[in-house]
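Scroll down for the structure; my scribbles are underneath it.
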Amino acid sequence: MMNCREATKLMSDAQEKPLLLKTRFGLEIHLMMCSGCHNFKEQMDALRTMTRAYAKGKNEQEKET
Ligand SMILES: [Zn+2]
């Protein structure tokens, strides 16, 4: 079983490159059992969505001008 430090590292690694299925599975198990890491993931997903929406909006503005 992975610990919280490993789980958070894997979650940030997953932003850069896809995780191995086995690794992702272990992470999912940890997230189901650990509310701290679950919240961390929720926040990271929300942040990524916002960043993406911001970048998209910015590009569209630049295209118009
Ligand atoms: Zn954890």
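Odds and ends about this structure:
- Karplus-based coupling profile of the stretch 25-39, in residue order and whole Hz: 4, x, 5, 4, 4, 4, 5, 5, 9, 10, 5, x, 6, 4, 5, with θ = phi - 60° in 6.51 cos²θ - 1.76 cosθ + 1.60 and x standing for Gly or Pro.
- Each part reduced to its alpha carbon centroid, the stretch 4-29 and the stretch 32-63 end up 17 Å apart.
- When the square roots of the Cα gyration tensor eigenvalues are ordered a ≥ b ≥ c, the ratio a/c for the stretch 4-64 is 1.5 or more and a/b exceeds b/c, which makes its shape prolate.
No value in this document is a laboratory result; all are computed from the given coordinates. Please read these numbers as outputs of a predicted model, since none were measured by experiment.
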